[in-house]
Each structure stands twice: as C-alpha cells, then as structure tokens.
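Enquirer: Provided herewith is a single structure, encoded as structure tokens, for subsequent inquiry.
The values are calculated or read from the model by the stated rules, or taken from the named source; none is laboratory data. In this text the structure is predicted, and so the values were computed from the model without any measurement. Glycine gets a Cβ as well: all are built from the backbone with ideal geometry, and neighbour counts include every protein chain shown. Ligands, DNA and RNA are excluded from the accessible area calculation, which covers all protein heavy atoms including side chains. Shrake-Rupley method; radii C 1.70, N 1.55, O 1.52, S 1.80 Å.
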Amino acid sequence: MTLTQLSAFETAQKVRTGEVKAIEMVQAALNQIKNVDGVSGSLEPGNLSPEEEQKVHAFIQVTEDLALSQAEKVDQMVTNGEDPGLLAGVPLSVKDIFCVEGTNTTAASKIIANFVPPYTATTVKRLTEAGALVLGKVNLDEFTFGSSNESSAFQPSTNNPWHTDFVPGGSSGGSAASVAAQEVALSLGTDTGGSIRQPAAFCGVVGLKPSYGRVSRLGLIAFASSLDCPGPLARDVRDTALMLQVMAGNDPKDSTSSTKPVDNYLAALEKDVKGLRIGLSPDYEALYYPDMESGELHSEPIQKEVHDVVMQAAEWLAKAGAEIIENVPMSNTRYGIPTYFVISRVEAASNLHRFDGVKYGYRTPENVGDLIELYRRSRAEGFGLEPKLRILMGMYVSAAEHASAYYQKALKVRSLIRNDFDQAFDRGGDYRLDALLTPTTATTAFKRKSVYGNSVLMQYSDQMTVASNHAGVPALTLPGGLDKNGLPIGIQLIGNDFREELILRIGHAYEQLTADEAWRQVRPQVLQGEVKA
Ligand code: GLN
C-alpha cells in the first residue's frame, strides 16, 4: 500500500508513533497531485492539450510551503514525545470558500480572486491544530452556486476521477475529486442544499452534512446563512467520524453554533445496528418539478440503478438486525427545491452585498464618476453569471411587493418540511425512526457541459439532499455501488438533530457488511494502473 492510499485514521496512527513522517505524507500527496491533477484552475486558462483535458484539476492552489511547515511542526512534536493530535500528518484539501490566513481565498470568483484573509476559519484552525496538513485550496462552483463545478471562474473546472468526461458534482466538486483521486485523505467542504453530498455521491466518497450549528461557520464565506454547514469528505465512514470529531463543537465567535456537547463519534462506530429503526419513504423515489407553463407538479422516477442500490442497502441492514420501516411519508420533500430556490437566493443576495469594490476584492480599473458607478461596474465585471442571476432573483422575491407571495410562503413550506422530519423521528410517534435511508441523488454524475446552463435540471439534482438543509438535520452519503457506466451511486442516511453518531454508526455497519462486494474493488479511472490497495 502506498502512502496516498492510507486512510486518515491509519495515517495519524503511523505518524503519531513515528512509523511514517508527516513530511513523507506531504511529499507523497504532492507527487500524487503532480501525477493526476494537471494545471490548477485559473482566471486565464490557456488551451488544454487532450492529455490535460483528462486530468482531475481539483486544485486552484497547491499550498506546498504551508503543508511543509505544518508537517515539520508535527514531526518535531513526535520527536519531542508530544502528541501531535488526532489528524497528525493527514493531507487535507480545503474548499476555496474557507479563509486561511495569508493564503488566497477566491470563492472561485473573479470578484475576490485577490483576497488574502487576515484570519483562519475555525474549522481549518481546529483541523490543523489536530495535525492535519493543508495541501491546497480546491475548486468549486462560484460562491458555491452550482451542482457541477462548471460555474467556477477558475478554469479548467474539476473532472470526475471515475470518468473524466463527467462532472464531479458541486459545489464541493474539487473536494470530492481530490479525495477520490487520492490526492488527499480528507477535504473540508460546505453543504447548503447538497454541496457536500451530491459531489461525494458522484465521486464515490463519503460526505457528511452535520446538523446546522454543529460546526462553526466562522471564516466560511457565506452563501445562505440559515442553511450553510461545513462538513467532511473522506474515503470511509471512520475517517468522516474522525474529521467531524475534530471540527465539531461550540465556537464563541459564531452565535449560531451550538453549545450542545459533542458525542464520541469514533466510539459510536463500535456498535452494531441491531434493533435500529431505519425508514424508507416513497417520497424519495421520484423527482418532482413544476411544469413551466401550467405550474403543475410533474414527477419522474429516479434512475433505476440508484433506487435498486438503496433497496439492497435496506436488505443488508435488515439482515444485520435493523428494523426497516416502509412507507414513511415525507410528503413535503417535493417542495424542497422551489423553497430552497427562494430562501437561498434571498440570503445570497443579502450576503453578496459586501462585495462592492470598495472594502476588498476586485475594483473596476475604469475611471468612474461616482460611488454608485464604482459599485455597479465592479460588481458587473467581478461577478460571474450565476451570482448575478441569484442576486436578481433574491432581490425580486424579497421585494416588499413580492415577499408575501414568495419569501414568506417559502418560510412556511420550510416549516412543513421540518414537520415531516419531526414526525418521522418522534419517539412517541408512528415511525420512531433512528434514520431515514434514501438515495443521495436521483441520477449518477452527468456529462460535462450536458446540464450546465439548464438551471432547472441543475437545481433538481439536489432534491434528495435539500430537505435536510431546510430542517437542519444531519445527513451522510456513502458509496453504495456503481451504475452500468461504472459511475458511483450514493446512498443517504438522514438522522435527527445532533444524531450524527447514529447515522455514522449505521453507515459504518453498512461498509462492513458490503466490504467484499465486487463493486468495492473497482477503482476510479485516474487511479487505474496504480498498485491496488
Ligand atoms: N446545488 C445547489 C445550489 O446551486 C446547492 C449548493 C450548495 O449546497 N452550496 O444552490
């Protein structure tokens, strides 16, 4: 086994005991990045050779010096007999939406391409204090607005390591791809409507959206503040639990972060699933979208292979002693996307006001007559298409004359979605679920350029994930198989508030149960030809 194939858990063990040096981990990761990643995303991309077209392109910036200095510190601690932490020597990539002091933080947008933050996000700080090594900042859809990575102002955008003609998903596409391509063991992403889970599913890795408030948002450039959740992407559930363990917990500098004590996630993995109540819902078997002319809701069944994998997962878990509860009604899930469309755009428009060409970021080089002209030109030149659309929509649906028809209504539907979960998890109710088992996405990854530009189709790729953002509950995605093209399929476990330990436990059990399945032996295209783990 090569160093880049080690899990985060194994790496930390080896580095803490001195068997492997953190500096060797950095070198191995840099090597892997050199082999598979190709040119980094940039505002002025050149023409790509056919060979370059097939690279992963997860990174916007490789932070070699930072990783080396962090590794030196870890190795020094080991030499001194001190404990370097739970993530000692573990290569980490950071979605380029988190501030890292002294390191460019672009949000994949021209408007803050030159921004160097004077402070570090709490999540990144906690991870590096536990010994993780930041290998670089990875690509995303501009300001996290998207589901394919293609809206990044930094091109080439990321490809799917399983098949580079396909997208890695988004917005944490760089995160998911860098983990799948074994460039890093862990990545820090964000999930507002599905941005950790959808790309994790598309790239065959594990991803967790924690409960709202479980992980600090300080230093995360905001998209929709009432929905945004930082979270881990990893190659297995144990690494996901380990990373969450380090990141979770109250941050006095984030007033929405919870003071609830953090569970022992790693210990929870030791338990089996006997007697746990796991629900299946018919409301996760189809996509629902409005007909643009009539406004009526249409439904379309999800990809059959995805549905089958979820059913098989239920069988595995039943065999291991879980109780499968069928027909759990989650009837408001179908309104998740329209509701998200309104709420997330109102919050995005508000959060994007700060980028005005005055305080920091891009400023038009043109001679302007007054302040309004400076704002207007800087924003027109700095923002890409997607943020512009979202600002316009957000302003429209929250304007005084429209708010009751859109924003106020969306907030009401959001409560209905929350009620569905309350009923499903209610200890005294009809279902008393420990977790809901669903697909993560309705389809596997789409071909590059095939959906981008069709904002309706793109939006609906989050229908299975977005309800848990509205409700604030935690949700885990993990690989469950491959489709006929060899593209990964994700299954999702949604839990009650702050019950991350329970969904991680079920996910871990599922991994053990399916450890010998043939699909687990298949490796992403970009890794084929390498030594097998
Ligand atoms: N794909 C969704 C969107 O474009 C979700 C993005 C996210 O979770 N950040 O809004």
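Enquirer: Got a number for residues in the range 406-441 being small (Gly, Ala, Ser) and over 17 Å from Ser344 (Cβ atoms)? Spell out how you get there, then give the answer.
Expert: Filtering the range 406-441 for residues small (Gly, Ala, Ser) gives 410, 415, 424, 428-429, 435.
Narrowing the set further to residues that are over 17 Å from Ser344 (Cβ atoms) leaves 424, 428-429, 435.
Qualifying residue count for the region: 4.
Enquirer: State whether the residues of the range 88-99 include one that is more than 27 Å from the chain's Cα centre (by Cα) and buried (at least 22 other Cβ atoms within 10 Å of the Cβ). Before you say what the answer is, go through the steps one by one.
Expert: Step one: list which residues in the range 88-99 are more than 27 Å from the chain's Cα centre (by Cα), which gives none.
No, the range 88-99 has no match at all.
Enquirer: Right, another one. Return the residues of the range 422-447 that are open to solvent by 60 Å² or more (accessible area, probe 1.4 Å) and either in contact with an Asp or Glu (Cβ under 8 Å, 6 or more places away or on another chain) or closer than 24 Å to Pro479 by Cβ (or both); say none if nothing qualifies.
Expert: Result: Gln423, Arg432, Lys447.
Enquirer: Quick test for you: out of Glu270, Glu293, Glu300, pick the one residue that is in contact with a strand residue (DSSP E or B) (Cβ under 7 Å, 6 or more places away or on another chain) and acidic (Asp, Glu).
Expert: Values: Glu270 fails: in contact with a strand residue (DSSP E or B) (Cβ under 7 Å, 6 or more places away or on another chain); Glu293 fails: in contact with a strand residue (DSSP E or B) (Cβ under 7 Å, 6 or more places away or on another chain).
Of Glu270, Glu293, Glu300, the one residue that is in contact with a strand residue (DSSP E or B) (Cβ under 7 Å, 6 or more places away or on another chain) and acidic (Asp, Glu) is Glu300.
Enquirer: Sticking with this one: If we only count helices (runs of 4 or more DSSP H) wholly inside the range 250-354, which ones have 3 or more residues that are more than 16 Å from the ligand (Cβ to nearest atom) and of a type in the set (A, V, I, L, M, F, W, C)? Reasoning before the result, please.
Expert: Working: elements: 265-268, 304-319, 336-351.
Answer list for the range 250-354: 265-268, 304-319.
Enquirer: Let me ask something additional. Quick check on this structure: which one of Leu385, Leu317 is of a type in the set (A, V, I, L, M), open to solvent by 20 Å² or more (accessible area, probe 1.4 Å) and at pLDDT 95 or above?
Expert: Details: Leu317 fails: open to solvent by 20 Å² or more (accessible area, probe 1.4 Å).
Checking each option against the conditions leaves just Leu385.
Enquirer: When the range 199-249 is examined, which residues are found to be of a type in the set (A, V, I, L, M), within 13 Å of the ligand (Cβ to nearest atom) and open to solvent by 10 Å² or more (accessible area, probe 1.4 Å)?
Expert: The answer is Leu220, Ile221, Ala222.
Enquirer: Do any residues in the range 451-476 that are over 22 Å from His298 (Cα atoms) have Cβ atoms under 6 Å from those of residues that are near the ligand (Cβ under 10 Å from one of its atoms) and of a type in the set (A, V, I, L, M), where the two are at least six apart or on different chains, and which pairs are they?
Expert: From residues that are over 22 Å from His298 (Cα atoms), the pairs are Asn469/Leu227.
Enquirer: Now, a different point. If only one of Asp75, Asp83, Asp65 is assigned to a loop (DSSP other than H, G, I, E, B) and either at pLDDT 95 or above or of a type outside the set (A, V, I, L, M) (or both), which one is it?
Expert: Asp83 is the lone residue from the list that is assigned to a loop (DSSP other than H, G, I, E, B) and either at pLDDT 95 or above or of a type outside the set (A, V, I, L, M) (or both).
Enquirer: So which residues in the range 150-160 are more than 10 Å from the ligand (Cβ to nearest atom) and either in a loop (DSSP other than H, G, I, E, B) or open to solvent by less than 10 Å² (accessible area, probe 1.4 Å) (or both)?
Expert: We begin by selecting, within the range 150-160, every residue more than 10 Å from the ligand (Cβ to nearest atom); these are 150, 152-160.
The answer is Glu150, Ser152, Ala153, Phe154, Pro156, Ser157, Thr158, Asn159, Asn160.
Enquirer: Oh, and also: In the range 451-467, how many are open to solvent by less than 70 Å² (accessible area, probe 1.4 Å) and either in a loop (DSSP other than H, G, I, E, B) or at pLDDT 95 or above (or both)? Let's see the steps before the verdict.
Expert: Filtering the range 451-467 down to residues open to solvent by less than 70 Å² (accessible area, probe 1.4 Å) leaves 451, 454-456, 458-467.
Adding the requirement that they be either in a loop (DSSP other than H, G, I, E, B) or at pLDDT 95 or above (or both) leaves 451, 454, 461-467.
Number of matching residues: 9.
Enquirer: Filter the range 365-407 down to the residues that are among the acidic types (Asp, Glu) and either part of a loop (DSSP other than H, G, I, E, B) or within 16 Å of the ligand (Cβ to nearest atom) (or both) and list them by number. Outline the logic, then answer.
Expert: Residues of the range 365-407 among the acidic types (Asp, Glu): 366, 370, 373, 381, 386, 401.
Of everything in the range 365-407, those that are among the acidic types (Asp, Glu) and either part of a loop (DSSP other than H, G, I, E, B) or within 16 Å of the ligand (Cβ to nearest atom) (or both) turn out to be Glu366, Asp370, Glu386, Glu401.
Enquirer: To continue, here is another question. Looking at Thr164, Thr190, Thr106, Thr123, which is the one that is under 18 Å from Leu527 (Cα atoms) and among the hydroxyl-bearing types (Ser, Thr, Tyr)?
Expert: Details: Thr190 fails: under 18 Å from Leu527 (Cα atoms); Thr106 fails: under 18 Å from Leu527 (Cα atoms); Thr123 fails: under 18 Å from Leu527 (Cα atoms).
Selected residue: Thr164, the only one of Thr164, Thr190, Thr106, Thr123 that is under 18 Å from Leu527 (Cα atoms) and among the hydroxyl-bearing types (Ser, Thr, Tyr).
Enquirer: Follow-up. Quick check on Glu52: is it of a type in the set (Asp, Glu) and part of a loop (DSSP other than H, G, I, E, B)? Give the steps one after another, and end with the answer.
Expert: Numbers: of a type in the set (Asp, Glu): yes; part of a loop (DSSP other than H, G, I, E, B): no.
So Glu52 does not fit the description; no.
Enquirer: Restricting to the range 350-363, count the residues that are of a type outside the set (Phe, Trp, Tyr) and buried (at least 20 other Cβ atoms within 10 Å of the Cβ). Walk me through how you get there before you give the answer.
Expert: Of all residues in the range 350-363, those of a type outside the set (Phe, Trp, Tyr) come to 350-354, 356-359, 361, 363.
Then drop every residue that is not buried (at least 20 other Cβ atoms within 10 Å of the Cβ), which leaves 352, 357, 361.
So the answer is 3.
Enquirer: Check Ala241, Ala248 and return the single one that is touching a strand residue (DSSP E or B) at 6+ places or on another chain (Cβ under 7 Å) and in contact (Cβ under 8 Å) with a residue 24 or more places away in the chain.
Expert: Numbers: Ala241 fails: touching a strand residue (DSSP E or B) at 6+ places or on another chain (Cβ under 7 Å).
Answer to the selection: Ala248.
Enquirer: Still on this model: In the range 473-483, which residue that is open to solvent by 10 Å² or more (accessible area, probe 1.4 Å) and not acidic (Asp, Glu) is farthest from the ligand (Cβ to nearest atom)? Lay out the reasoning, then the answer.
Expert: From the range 473-483, those open to solvent by 10 Å² or more (accessible area, probe 1.4 Å) are 479, 482-483; that's our starting set.
Narrowing the set further to residues that are not acidic (Asp, Glu) leaves 479, 482.
Working: Pro479: 20, Leu482: 23 Å.
Step by step, filter the range 473-483, then rank; the result is Leu482.
Enquirer: Then there's this: Among the residues of the range 280-290, are any surrounded by fewer than 12 Cβ atoms within 10 Å (Cβ to Cβ) and either out of contact with any Ser or Thr (no Cβ under 6 Å at 6 or more places or on another chain) or small (Gly, Ala, Ser) (or both)? Talk me through it step by step, then tell me what you get.
Expert: The initial filter retains those residues of the range 280-290 that are surrounded by fewer than 12 Cβ atoms within 10 Å (Cβ to Cβ), namely none.
No; the residues of the range 280-290 include none that is surrounded by fewer than 12 Cβ atoms within 10 Å (Cβ to Cβ) and either out of contact with any Ser or Thr (no Cβ under 6 Å at 6 or more places or on another chain) or small (Gly, Ala, Ser) (or both).
Enquirer: Residues of the range 512-526 being buried (at least 17 other Cβ atoms within 10 Å of the Cβ) and not hydrophobic (A, V, I, L, M, F, W, C), which ones?
Expert: Thr514, Arg523, Pro524, Gln525
Enquirer: Is it the case, given these coordinates, that Ser147 is part of a loop (DSSP other than H, G, I, E, B) and in contact with an Asp or Glu (Cβ under 6 Å, 6 or more places away or on another chain)?
Expert: Working: part of a loop (DSSP other than H, G, I, E, B): yes; in contact with an Asp or Glu (Cβ under 6 Å, 6 or more places away or on another chain): no.
Judged against the criteria, Ser147 is not a match.
Enquirer: Just name the residue that is least open to solvent (accessible area, probe 1.4 Å) out of those in the range 391-421 that are among the hydroxyl-bearing types (Ser, Thr, Tyr) and without any contact (Cβ under 8 Å) to a residue 24 or more places away in the chain.
Expert: If we filter the range 391-421 for residues that are among the hydroxyl-bearing types (Ser, Thr, Tyr), which is where we start, we get 396, 398, 404, 406-407, 415.
Retained after the next criterion (residues that are without any contact (Cβ under 8 Å) to a residue 24 or more places away in the chain): 396, 404, 415.
Working: Tyr396: 106, Ser404: 89, Ser415: 62 Å².
Selected residue: Ser415.
Enquirer: Further question: Scanning the range 161-190 for residues that are open to solvent by less than 10 Å² (accessible area, probe 1.4 Å), away from the ligand (no atom under 16 Å from the Cβ) and among the polar types (S, T, N, Q), which turns out farthest from Cys229 (Cα to Cα)?
Expert: Thr164
Enquirer: Now a separate question. Return a yes/no flag: does the range 8-30 have any residue that is assigned to a loop (DSSP other than H, G, I, E, B) and open to solvent by less than 10 Å² (accessible area, probe 1.4 Å). Spell out the reasoning first.
Expert: First pass over the range 8-30, keeping only residues assigned to a loop (DSSP other than H, G, I, E, B): 17-21.
Adding the requirement that they be open to solvent by less than 10 Å² (accessible area, probe 1.4 Å) leaves none.
Taking every residue of the range 8-30 in turn, none turns out to be assigned to a loop (DSSP other than H, G, I, E, B) and open to solvent by less than 10 Å² (accessible area, probe 1.4 Å).
Enquirer: Residue by residue through the range 320-348, note down the ones that are polar (S, T, N, Q), buried (at least 16 other Cβ atoms within 10 Å of the Cβ) and either touching a Cys at 6+ places or on another chain (Cβ under 9 Å) or over 26 Å from Pro488 (Cα atoms) (or both). Spell out the reasoning first.
Expert: Our first condition is that a residue be polar (S, T, N, Q); within the range 320-348, this holds for 327, 331-333, 339, 344.
Keeping just the survivors that are buried (at least 16 other Cβ atoms within 10 Å of the Cβ) gives 332-333, 339, 344.
The answer is Asn332, Thr339, Ser344.
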